[in-house]
Amino acid sequence: MSRVFVSADMASVALGADRVAQAFADAGCHVVRTGSRGLFAIEPLVEVETNEGRIGYGPVGPEDVGAVLDGSSKARLGIVDDLPFFVTQQRFTFSRCGVIDPLDLADYAAHGGWQGLDAARAMTPQAVVDAVKASGLRGRGGAGFPTGIKWQTVFDAAGPTKYIVCNADEGDSGTFADRMLMEGDPFCLIEGMAIAGHAVGAAHGYVYIRSEYPYAVRTMQAAIALCSPRLAPFTIEVRVGAGAYVCGEETALLDSIEGKRGQVRAKPPLPALQGLFGRPTVINNVLSLAAVPFILAKGAEAYGAVGFGRSRGTIPVQLAGNVRNGGLYEIGFGLTLGELVHDIGGGTASGRPVRAVQVGGPLGAYIPPSQFDLPFDYEAFAAAGALIGHAGITVFDDTADMARMARFAMEFCAAESCGKCTPCRIGSTRGIEVMDRIIAARDEAAAMPAPTGGYLDAALYSRSPQRIDHGAAAQTELLRDLCDTMKFGSLCALGGFTPYPVLSALDHFPEDFGAVAPSPQAAE
């Protein structure tokens, strides 16, 4: 009986993986459902176990089963790990994703699972915290705060009850790494949470998952039930969010777990001191916690040896949008943006030139090709006025209207604001109005006939968008002022980061705003 591996990842299922798996089962094969390998262009991917290793075929449809089994399929890829997209990766966190059955404890252990937890429990809690600090691991959820320092703060906090909270509310457009890991290697995240619990003295943990991820919710719940004896005395439960983007902010997330409306809390106090139910709490992203088992199993030095500057270890980059090779690519920090977009991503799917990429989700800056020599590094991006965020890269070709993309940032903020602070709640609505005036003025100007001289043309020019109060130049100055207020006056990153896509579009693509925009220095 042939043994075949087919992804049960949500993206693969959307492309027909369930029908493919059923077709192989009907053909008498033993079908193992895995996570996704991470290259969506070859999904549904099927791997057939042979004496040569697991031979990949993709994309595969139900009608291709016979040709795959007899080896005649034109979709044959060979050994998947040898494909150019995978051969250059450094998979520390995603090494098992797409390889193992995500709910098979023996399979997980056979591929290095639980080694990190066993090593941690043989160490003192302070030694575990020290190892995480020595590794250089920083928060992968967006802020890039050193994970070990956060753990040290919770370890030092007084109190009999502490919590571990995993932020799996992955709401950024173009991101899917958290979902892929929870669906493809849930025990890795669970192991990381158990290590964190041992390190800081927490006996219970919560995984907060957005409701839009039903496959991840089911997989995590099943995985927790399967391995609970292995974790004891540490326990974990899943809480499902209701779709609010702002609940990706750590304090709004805590309110949601507590059964309240998700709203941002003022700081101090920090959640590390007074977090969930008023107790000291470690809040880390999925990828931060999932990196910990490798650090404890292989050593802090092995993890910290990879990276660039102060950005140590690997980063799972997610390539999305108008890109040929969409998917997840895990690599050490330091590759340039151009290498990621062109060499790894393969350029645009449309074949047209890249006009911009947005890094870090809907609140990330738009970066033009002139800055594609920027290394993927927290400090380098910050110096360029950009954010790495959750490492999602959304690609746009030269047909993109950057003024309308800037408007979308304001619209998104207005829709997702929790309403607690005025700069975010009101500023985003005013931002939509300003952007509508800019776009209307631009479009009106574009529709005007070219002047030929004479009184009539002079009269038309006097009423043109550049000459009235709501003209593009005046409105862009107002927009900059509004962004300044939102950036420095908002209570959390939702309102504070919305100016990044707006201002970057304005700075790099002023022609889309109908006039040459004033420089940031002039606006100040």
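Selection of helices (runs of 4 or more DSSP H) fully inside segment 60-148 by the criterion of at least 1 residues being touching a strand residue (DSSP E or B) at 6+ places or on another chain (Cβ under 6 Å), touching a residue at least 40 places away in the same chain (Cβ under 8 Å) and not aliphatic (A, V, I, L, M) returns 84-87. Of the residues making up segment 122-141, not a single one is surrounded by fewer than 17 Cβ atoms within 10 Å (Cβ to Cβ) and modelled with pLDDT under 95. Identify, from the list V434, V395, V354, the residue that is under 20 Å from the mean Cα position of the chain (by Cα) and either over 28 Å from A244 (Cβ atoms) or surrounded by 17 or more Cβ atoms within 10 Å (Cβ to Cβ) (or both). Just a single option satisfies the conditions, and that option is V395. Among the helices (runs of 4 or more DSSP H) confined to segment 440-505, the ones with at least 3 residues that are buried (at least 23 other Cβ atoms within 10 Å of the Cβ) and at pLDDT 80 or above are located at 472-489, 493-497. Only a single item in (1) small (G, A, S); (2) surrounded by fewer than 19 Cβ atoms within 10 Å (Cβ to Cβ); (3) closer than 23 Å to G141 by Cα is not met by G347, and it is number (3). Filtered by the rule that a residue be of a type outside the set (D, E, K, R) and either surrounded by fewer than 19 Cβ atoms within 10 Å (Cβ to Cβ) or without any contact (Cβ under 8 Å) to a residue 60 or more places away in the chain (or both), segment 237-250 gives V238, V240, A242, G243. Note on segment 158-201: among residues that are among the acidic types (D, E) and part of a loop (DSSP other than H, G, I, E, B), the one that is farthest from F408 (Cα to Cα) is D185. Across segment 159-190, the qualifying residues are those that are over 30 Å from E43 (Cα atoms) and touching a residue at least 40 places away in the same chain (Cβ under 8 Å), and the one among them that is nearest to the chain's Cα centre (by Cα) is V165.
To keep it simple, each residue is scored yes or no on (1) closer than 21 Å to A382 by Cβ; (2) touching an Asp or Glu at 6+ places or on another chain (Cβ under 9 Å); (3) among the acidic types (D, E).
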residue: P293; (1), (2), (3): no, yes, no
residue: L296; (1), (2), (3): no, yes, no
residue: G299; (1), (2), (3): no, no, no
residue: V306; (1), (2), (3): yes, no, no
residue: P316; (1), (2), (3): yes, yes, no
residue: G332; (1), (2), (3): yes, no, no
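Taking the criterion of being surrounded by fewer than 24 Cβ atoms within 10 Å (Cβ to Cβ) and either free of Cβ contacts under 8 Å to residues at least 60 places away in the same chain or closer than 15 Å to G248 by Cα (or both), the only residue of segment 277-292 that qualifies is G278.
Of all residues in segment 23-49, those that are surrounded by fewer than 19 Cβ atoms within 10 Å (Cβ to Cβ) and either touching a Gly at 6+ places or on another chain (Cβ under 9 Å) or not assigned by TED's automatic domain parsing to the domain that holds A11 (or both) total 2. Screening segment 212-228 for residues that are among the polar types (S, T, N, Q) and out of contact with any helix residue (DSSP H, G or I) (no Cβ under 8 Å at 6 or more places or on another chain) and picking the one that is farthest from F155 (Cα to Cα) gives Q221.
The values are calculated or read from the model by the stated rules, or taken from the named source; none is laboratory data. For clarity, every value in this text was computed on a predicted model and none was experimentally measured. Cβ: placed from backbone, ideal geometry, glycine included. Neighbour counts: every protein chain shown.
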